Every structure is written in C-alpha cells, then in structure tokens.
1. Carbon and sulfur atoms: what percent of the 1.4 Å accessible area of region 143-204 do they account for?
2. Among Thr119, Thr56, Thr35, determine the one that fluctuates most according to a GNM of the chain built with springs between C-alpha atoms less than 10 Å apart.
3. Skipping prolines and chain starts, which residues have an amide H placed within reach, meaning under 5 Å, of the one on Ile273, given they are 5 or more residues away or on another chain?
4. Anyone know which of Thr289, Thr163, Thr190 comes out most mobile in the 10 Å Cα GNM of the chain?
5. Out of all Cα-Cα pairs in region 228-295, roughly what percent, to the nearest whole number, are more than 15 Å apart?
6. Let me spell out the model: positive unit charges on the Cβ of Lys and Arg, negative unit charges on the Cβ of Asp and Glu, origin at the Cα centre of the chain. What dipole size does that give, in debye rounded to 20?
7. Over region 37-133, with every protein chain in place, what whole percent of the accessible area is carbon and sulfur at 1.4 Å, could you tell me?
8. What is the diffusion coefficient of the chain in µm²/s, taking the Kirkwood radius over Cα pairs and the Stokes-Einstein relation at 20 °C with a viscosity of 1.002 mPa s?
Amino acid sequence: MKPIATDTYNFELLIKNGYTYVDKTGIFYSLINNTLGKQFFLARPRRFGKSLLVSTFKSLFEGKRHLFKGLAIDSLDYDWKEYPVLHLDMGSTQCPTVELFNKRLHEIISAEEERHGCTTDSTKTVAGRFIELCENLAKKSPHGQFVMLVDEYDKPLLGVLNTPEVIKFRDALKSFYSVIKTKEALQRFTFITGISKFSKVSIFSDLNNLTDISADEEFSEILGYTHEELRKYFIEHIEVLGKKLNLSAEKTFDEILKWYDGYRFHHSAEPVINPVSLGLCLKDCKFKTYWSSTAVPTFLVDL
C-alpha cells in the first residue's frame, strides 16, 4: 500500500519516494503537444494540487522521462525534448509593501539565474531583469525556447486587497507580467496558476493570448480525484479507514463522497474530490473539515 503525501508538492520527490500519484498525464497531454496553443491559465481552489501540477510540468520539460515510467504519457507520442524551465513560485512573494515585494522579485530572479548559470544586470528594474533572463534562457536552449511556469500568480494581491497598497501592487504586477507576452516567441510552453482571475491585472487585460482552461470540460478533471480514480488508487486505504470506523468499504466510499466530493468545474463534468482533504482523511483515519481549517483564503473572509 503506497503512502499518501499530503505535504509534498514536488513531483520528482513524490515519485522517487514511492508515494501515490494519481496519473493526470493523459489529461494534460493535449496542453503540451502544441495542438491547443502554448500559453495557458488554470484557476483552482487552494490545496487542490496546482503546485504539484506545475512541478510535474517542470520535470516533464526538463526531460526527466524516467520519472514518468508507467504513466500514460510514457506511451504517447511526445518528443521529450529538454528545455530550460523558469519556475516562478509567487506564493512566497506576499509582502506588506510594494517595495518589499519588488525586493522579493529581485531575489527570485537571482535564484533562477544561479540555478540556470546565467546573469542579468542587477541595476535594472525587476521587469528589465525578467526580460533579460528570458532572453538568456532562450539562448541557452538548443531549441531557442524556454518554458515559463508561474505558480500562485495572484498571491501578492491577496494580502492587500482591502488596503490602499493594492493599486501599487497591481501596477507592479502589471509591469512584471507584461514581460510574459513581450517574450512570447521565446516560450515553448507557458502555464500559470492561481485561485482567482483578477481581470484588471495585466496578465488578463494585456496578455490576451493566454488560454483560460479553468472551466474547460476537457480539463475539468486535471486536478482533484474522480470516483473512478478513488477506487483505482486508494481502495486499500479506504478499506483500512473502513475497518477503523467499523464500516464496509462501500459505506466508507459513500462517506468520503459526502465529506469531500462535489467540486465540479464544468456543468457536464464529473464531480471531483478535494485531494488534500482526502489524503488527510485517509492518513488520519478520521473525517474532518480539513479544507475549511487549512485552506480558506483570507481575502474571502475579509470580503
């Protein structure tokens, strides 16, 4: 019985350490094979697996095929070319002032420079260094392109929504994210996630070539677990939980659906189960409102 990871969002570590991985590679195949475009946005609630998906794309485009052995994509027609991957985790950029936010962006760019073995002019603005970094990564690539992954793009805004600082943050993000469109030709693939879609931020007002797949039927099951996946990947864990609670496996399954099911991202799609809530339930052998105690966005409470 493979262990369940509830605090690991790194695909490579998940696979190497033998944790349960629900295979979504067949679902996202059409995103990476150039049939639907190359720049995408996905919004999902917190604690729903967005960071793990971003990490999966990172391993994929870094050419680490050995990690995908036995998964759906391993048998599909994919070229497995290796690209430099620019991974911007904006979850660590929530700051009280825009000055501290810009400082944090400089630190992120410096870290990516070090990881890729290139340099930019540290006297430039954040946007200027971002442009230079994009150009450097494309030059380093044998294919003339790099991959752009932005996780939690909206995190810097969420902490300041009801403060005067929000305008400054919006403008700073507008300047920073506009680079993504400016350097579109250098990007083999772009994937951006967040929990919300702020339409007045540049990423959506200026970056009009970004395809929003959040409510697309084809990708409605890209995160979260379907009933079929629950039975396929977690049946042994469900049986253990049932024995603990003196319930049959079927009754336990029904109880899981009662607690953690009901997310539906397209009107014709199957409902999906919150992955972190399910993992914590099976790990603790206890039914609790895990999501509401760990993942309610502060800005929703404030509003």
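1. 54
2. Thr35
3. It is Tyr225, Thr226, by chain and number.
4. Residue with maximal mean-square fluctuation among Thr289, Thr163, Thr190: Thr163.
5. Considering region 228-295, 50 percent of its Cα-Cα pairs are separated by more than 15 Å.
6. That gives the chain a dipole magnitude of about 380 debye.
7. Percent of accessible area from carbon and sulfur atoms in region 37-133: 50.
8. It diffuses with D of about 104 µm²/s by this estimate.
The values are calculated or read from the model by the stated rules, or taken from the named source; none is laboratory data. Note that this is a predicted model, so its numbers are computed, not measured. Heads up, the Cβs are rebuilt from the backbone with ideal geometry, glycines too, and the neighbour counts pull from every protein chain shown. Just so you know, the surface numbers come from the protein's heavy atoms only, side chains and all, with ligands and any DNA or RNA stripped out. Shrake-Rupley method; radii C 1.70, N 1.55, O 1.52, S 1.80 Å.
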